[in-house]
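Enquirer: Could you have a look at this structure, given as structure tokens, before my questions?
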Amino acid sequence: MPLFKRPDGTLLKKVPAFRRLSPYLMTNRTESTIFIPFHVDVTDTIKYVEELRTRLKKKVTMFNVILTAVVRTFALRPQLNRFCEGTKLYQRNELNFAFVAKKQYKDRGKESTVKMSFSPFETIFTVTDKLYDELNQARTEEYHGDKDVNMFGKLPGFLLRAAVEVFKFLDKHNLAPASMIETDPLYCSAFITNMGSVGMPLGPHHHLFEWGNASLFLSISSYTKRAVVNEKNEIVVRDVLDLVVSWDDRIADGFYGQRSAEKMIDFIENPIQLEEKPEIPDEILEELKLKDY
């Protein structure tokens, strides 16, 4: 039993036997990662995004839908929002997601890593408003998310190495400052890399980081025209994107992960569902263990 509580999660004391053994058998995220690729038909979603852009009179992209679908899925599937620290399993107490925002689409264009927190009751409209405001802020020179990176990036190598090792030690013993965990983008529910925004037709199978405690990485490709077989066994051309999920196998079993991914894909392919707040049973809200919503 850890001596100190974590600021970002609640220790799970009652878990199935194999789930409890997993962190002892697989001691880090690298050896625990499994990669699950999916093909997502976004033909109807593209039309929806265009209609929503006209309706809201602001910039709306495929990423708005995907981010909302991810938030909704995590809200309905609590085991996704877990992480391992050492040999212990925790339920994260926030729904927070990170991604990189390019300031300029150039080889040497600056970028910021954005971390956003959400309520389990978000809709496509509330997520779009929050995302619009956050991206506008992230593309300014004084974005708050860049301050720590710029500060530590200026340290001499030996001091930087020492600072990293000290923080790792503190984090391992649940003593890391809450203020640093709160701003660090790798302490999040999932990190999303939107390679579709730069035209990459295949989503990479991205590694999980040993730094931080993000248990999932979602990699999104651009959509391309592909021949698919429909329900009538006819070959038709559809717009399809690749979605690759990198998953820490210690947080939940594969069946739970597969069911969760199917739900997320359904939200992406049928985004009209995201316009209404979800109905979340009390037992799910209790299992989420969120500190505030």
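Every number here is computed from the coordinates shown, using simple stated rules; none is lab data. Bear in mind the structure is a predicted one, so any value in this text is a computation, not a measurement. All Cβ positions, even for glycine, are placed from backbone atoms using ideal geometry, and neighbour counts span all protein chains on display.
Enquirer: When a/c is below 1.5 the answer is rounded, else prolate if a/b is larger than b/c, else oblate, so apply that to segment 9-276 with a ≥ b ≥ c taken from the square roots of the Cα gyration tensor eigenvalues.
Expert: Cα axes put segment 9-276 in the oblate bin.
Enquirer: Continuing with this model, one more query. If you place +1 on the Cβ of every Lys and Arg, -1 on the Cβ of every Asp and Glu, and leave all else neutral, what size is the dipole of the chain about its Cα centre, to the nearest 20 Debye?
Expert: Result for the chain is approximately 620 debye, rounded to the nearest 20.
Enquirer: Sort segment 125-233 into rounded, prolate or oblate with this rule: let a ≥ b ≥ c be the square roots of the eigenvalues of the Cα gyration tensor; rounded if a/c is under 1.5, and if a/c is not under 1.5, prolate when a/b is larger than b/c, oblate otherwise. List each step's numbers first, then the result.
Expert: On the way: a/c = 2.35, a/b = 1.83, b/c = 1.28.
Prolate shape, in that a/c is at least 1.5 and a/b is the bigger ratio.
Enquirer: What shape does segment 15-164 have by the C-alpha gyration tensor, where a ≥ b ≥ c are the square roots of the eigenvalues, rounded means a/c under 1.5, and otherwise prolate means a/b greater than b/c and oblate the rest?
Expert: Oblate.
Enquirer: Let me check I've understood the local charge: for Pro281, count other residues with C-beta under 13 angstrom from its C-beta, Lys and Arg +1, Asp and Glu -1. What total comes out?
Expert: Numbers: positive: Arg77; negative: Glu279, Asp282, Glu283, Glu286, Glu287.
Taking every other residue near Pro281 into account, the sum is -4.
Enquirer: May I ask you to list the chymotrypsin sites (Phe, Trp or Tyr not before Pro) in segment 52-140 that are in a DSSP loop and have at most 16 other Cβ atoms within 10 Å of their Cβ?
Expert: Counting only loop positions with at most 16 other Cβ atoms within 10 Å, the chymotrypsin sites (Phe, Trp or Tyr not before Pro) in segment 52-140 are Tyr105, Phe121.
Enquirer: Have a look at Met116, Thr126, Gly157 and report the one farthest towards the positive end of the charge dipole of segment 93-233, computed about the Cα centre with Cβ charges (Lys/Arg +1, Asp/Glu -1).
Expert: Towards the positive end, the residue furthest out is Gly157.
Enquirer: From the phi of every residue in segment 23-37, what ³J(HN,Hα) in whole Hz does the Karplus formula 6.51 cos²θ - 1.76 cosθ + 1.60 yield, where θ is phi - 60° and glycine or proline is x?
Expert: For segment 23-37, the Karplus-derived couplings read x, 7, 7, 10, 8, 8, 6, 4, 7, 9, 7, 10, 10, 10, x Hz, x marking Gly and Pro.
Enquirer: 5 Å is the cut-off here: which amide hydrogens, built 1.01 Å from N in the peptide plane, fall below it relative to Gly9, excluding neighbours closer than 5 in sequence?
Expert: Long-range HN contacts for Gly9: Asn93.
Enquirer: OK, next. What does DSSP give for the chain in terms of the percent of beta bridges that are antiparallel, rounded to the nearest 5?
Expert: 85
Enquirer: For the cross-link pairs Lys232/Lys277; Lys102/Lys289; Lys88/Lys263; Lys263/Lys291; Lys5/Lys291, which exceed 22 Å when the distance is taken from alpha carbon to alpha carbon? Kindly include the intermediate steps, with their values, before the conclusion.
Expert: Numbers: Lys232/Lys277 34 Å; Lys102/Lys289 33 Å; Lys88/Lys263 28 Å; Lys263/Lys291 25 Å; Lys5/Lys291 14 Å.
The answer is Lys232/Lys277; Lys102/Lys289; Lys88/Lys263; Lys263/Lys291.
Enquirer: To continue, here is another question. Connecting C-alpha atoms closer than 10 Å in a GNM of the chain, tell me which of Glu210, Glu94, Glu85 has the biggest fluctuation.
Expert: Among Glu210, Glu94, Glu85, the largest mean-square fluctuation in the Gaussian network model of the chain belongs to Glu210.
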